[in-house]
Amino acid sequence: MFLAVCGFAAATSHATAGELPRLTILTEESPPLNFMRGGEVSGLATEVVRALAKRTGSDAVIRLVPWQEGYQALQARRDVALFSTVMTPARKPLFQWVGPLAVLDTNLYTRKGSGIAIANLDDARRLERVATVANYYSEQILQQEGFTNTLSYPDRVATVRALLDGKVAALASSNLGMPAALETAGASMDDVESAFTLSTDLFYIAFSKHTSPALVARWQEALDAMKRDGSFARIYARWLPAETPPGVFQLVTEEYPPVTFMQAGKPSGFVTDIVREIARRQGVADDIRLTAWKNAYGMALLHPNVVVFSAERTPERENLVRWVGPVGTNTAMLYARKGTGIRIASLAEAKQLGAIATTTNWFTEQHLRREGFTNLVSSPDPRANVRQLMNGEVQLSIFTDLTIPQIAREAGYTVDDLEPVFPVSQTDFYIAISKGTPNDVVTAWQATLDEMKQDGSFEAIYRRYLPDADLADLLKR
């Protein structure tokens with residue numbers, strides 16, 4: 001969705017030697033990114049594209065057209081650029097991409113000062129009511145995730161009023177649509193806060209397949225330069241002052257204490273702080289986004305220049321991303337409720353039990369599935385696994401030794417209420433960097449991490465969270 005423009009009739013023109021081709025740049029009506037104002041195409045993305053055209057010396061006029069018309073031109077003709085276009089797995093191989101220009105976050109918003117904390121989807125499911133807009137993408141996401149506490153409204157403004165009037169605890173909306181909805185309702189972004197990110201889409205300029213790769217590379221270099229010199233951020237702030245613009249790199253993590261977690265409204269944890277220090281030394285903005293693992297990992301599989309942490313280096317993931325690390329080691333363990341008397345001596349014996357609780361898409365679940373387990377009960381929130389164990393719904397659950405103390409506390413128990421019965425595996429975890437990221441970036445991140453292990457900063461960060469950890473082996477690798 002979304003495009004940028006430059007004379008539609010020029011789509012079939014060809015440049016002579018030494019000249020840049022004349023681009024056809026198209027976009028659709030989609031404020032605040034692109035829209036018509038005073039007879040001229042305006043908006044956040046439009047302003048960025050105009051600046052890029054000037055910096056690259058491109059002959060380009062931006063024109064609004066219906067989305068389908070622009071998308072067809074992008075597929076059928078050379079030297080066409082369409083913005084703002086969401087990169088999807090299906091579209092990615094069809095075009096060349098420059099971006100990201102903007103971030104479309106589907107968030108859960110709460111009233112400012114409500115004190116509601118949402119660390120994961122399970123927290124959101126326990127809210128009394130979540131307002132959604134009928135048939136919107138945000139509503140569909142919650143339906144797919146099995147939410148039963150949603151209340152559907154006809155439009156965004158109605159959800160905002162319901163939230164501000166205290167009729168719902170949260171509302172689901174995109175970050176791009178919220179400012180206008182709040183303004184219409186007589187409020188502003190100061191009246192709400194983003195409590196959790198459900199999904200993230202990135203907007204790009206899509207160039208037709210047969211556009212000169214050198215020209216596309218020039219546009220990407222110009223955009224990266226705008227991000228480094230601050231001009232991109234200044235444009236972004238004029239249109240979306242409450243939002244953080246997408247940097248050259250997207251840094252994403254999940255709630256996985258003490259490795260990564262939200263603390264006082266800011267992503268924290270020992271790997272988070274390690275990533276911050278690497279980013280600082282590399283001159284990368286440390287705008288870290290905390291979201292669901294499914295969303296973070298999905299971004300890394302689709303987009304270049306995504307850094308997701310931390311990630312277990314499993315056979316399933318080995319060739320899907322690039323690896324920097326290791327940054328930690330943990331042991332995956334099968335736990336029982338204390339006092340049950342359950343004893344097992346092998347995974348084969350564990351397979352014979354009635355049910356084992358696992359966390360959806362975590363490496364621990366993947367490991368058991370790889371071992372042929374068919375008695376798994378999967379939940380998106382690890383705290384649910386603890387409760388299932390304590391309620392007798394399952395006989396065992398799998399956690400790592402690093403994370404179980406915090407998970408048990410957040411579930412309303414302590415680690416002493418559980419007992420380890422069988423070690424499943426010992427693994428290292430890493431910082432994962434998406435494919436499509438330049439090789440020298442990955443090499444530089446690894447070199448900086450190695451430097452931190454040598455100069456003592458890695459250990460200092462680690463011990464702020466785990467003072468008694470044995471780091472001897474980790475510091476050597």
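Every number here is computed from the coordinates shown, using simple stated rules; none is lab data. The model shown is predicted, which means the values in this text are computed figures rather than measured ones. Every residue, glycine among them, receives a Cβ derived from its backbone with ideal geometry; neighbour counts consider all protein chains shown.
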For the table LYS209/LYS435; LYS112/LYS266; LYS209/LYS294; LYS112/LYS167, the rows whose alpha-carbon distance is greater than 22 Å are LYS209/LYS294
Amide H contacts of SER84 (H built 1.01 Å from N, under 5 Å, at least 5 apart or other chain): PHE2, LEU3, GLU28
Compute the distance in nm between two label points, each set 7 Å from the Cα along the Cα-to-Cβ direction, one at LEU94 and one at ASP190. 4.4 nm
Can you sort LEU251, LEU240 so the residue with the fewest Cβ neighbours within 10 Å comes first? LEU240, LEU251
Dividing the convex hull volume of the alpha carbon atoms of the stretch 249-477 by its residue count, what do you get in Å³ per residue? 121 Å³
Expected sort for VAL324, VAL377 with the fewest Cβ neighbours (10 Å cutoff) up front is VAL377, VAL324
Using Cβ contacts closer than 10 Å as the measure, can you line up LEU163, LEU23 from fewest to most? LEU163, LEU23
Whole-Hz ³J(HN,Hα) from phi, Karplus 6.51 cos²θ - 1.76 cosθ + 1.60, for the stretch 333-340, glycine and proline x: 9, 7, 10, 10, 5, 4, x, 6
For the pair GLN366 and ARG55, the simple spin-label estimate (label points 7 Å beyond Cα toward Cβ) gives in nm 3.5 nm
Report, for the stretch 74-218, the % of DSSP beta bridges that are antiparallel, rounded to 5. 80 percent
Given a Förster distance of 41 Å, report the FRET efficiency between ALA472 and THR244 from their Cβ-Cβ distance, rounded to the nearest 0.05. 0.60
Rounded to the nearest 5, what % of the DSSP beta bridges within the chain are antiparallel ones? 65 percent
List the residues whose amide H sits under 5 Å from the amide H of MET36, counting only those 5 or more places along or on another chain, with H placed 1.01 Å from N in the peptide plane. SER42
Mean ellipticity per residue at 222 nm, deg cm²/dmol - from DSSP H runs of n ≥ 4 across the chain, formula -39500 (n - 2.57): -9500 deg cm²/dmol
Contact order normalised by residue count of the stretch 249-477, Cα under 8 Å, 6+ apart, percent: 30 percent
Globularity index of the chain, i.e. its alpha-carbon radius of gyration over 2.2 N^0.38 Å: 1.06
Sorted by chain and then number, the residues having a modelled amide H within less than 5 Å of the amide H of THR150, at least 5 places away or on another chain, are VAL130
Computed over the chain: relative contact order in percent, which uses C-alpha pairs under 8 Å that are six or more apart: 14 percent
The chain - charge dipole about Cα centre, Lys and Arg +1 at Cβ, Asp and Glu -1, debye rounded to 20: 760 debye
Round to a whole angstrom and tell me the spacing of the C-alpha centers of the stretch 395-426 and the stretch 226-284. 31 Å
Just order 144-152, 228-236, 354-362 by mean Cβ neighbour count inside 10 Å, highest at the front, would you? 354-362, 228-236, 144-152
Around ASN175: net Lys/Arg minus Asp/Glu count, Cβ-Cβ under 9 Å: -2
For the stretch 335-398, Kirkwood radius (reciprocal of mean inverse C-alpha pair distance, Å): 11.7 Å
Across 10 Å bins from 0, what is the distribution of all Cα-Cα pair distances for the stretch 60-126, in whole percents? 14, 36, 17, 18, 14, 1
Selection from PHE309, THR150, HIS210 lying farthest towards where the dipole of the chain points positive, charges on Cβ: HIS210
Checked the stretch 282-414 with the C-alpha gyration tensor, a ≥ b ≥ c its square-rooted eigenvalues, rounded below a/c of 1.5, otherwise prolate if a/b is larger than b/c and oblate if not; verdict prolate
What does the charge dipole of the stretch 104-200 about its Cα centre add up to, to the nearest 20 debye, if the Cβ of each Lys and Arg holds +1 and the Cβ of each Asp and Glu holds -1? 200 debye
Calculate one ³J(HN,Hα) per residue across the stretch 386-392 by plugging θ = phi - 60° into the Karplus curve 6.51 cos²θ - 1.76 cosθ + 1.60, and present them in order as whole Hz with x for glycine and proline. 5, 5, 4, 5, 6, 7, x
Hydrodynamic calc, the stretch 104-200: Kirkwood Rh from Cα pairs, then Stokes-Einstein at 4 °C with viscosity 1.567 mPa s, so D in µm² s⁻¹ is 101 µm²/s
P(r) weight above 15 Å for the stretch 380-477, C-alpha pairs, percent: 72 percent
Kindly list the residues of the stretch 425-445 that lie in the label zone of LEU347, defined by a backbone N under 17 Å from the point 7 Å along the Cα-to-C-beta vector. 425-428
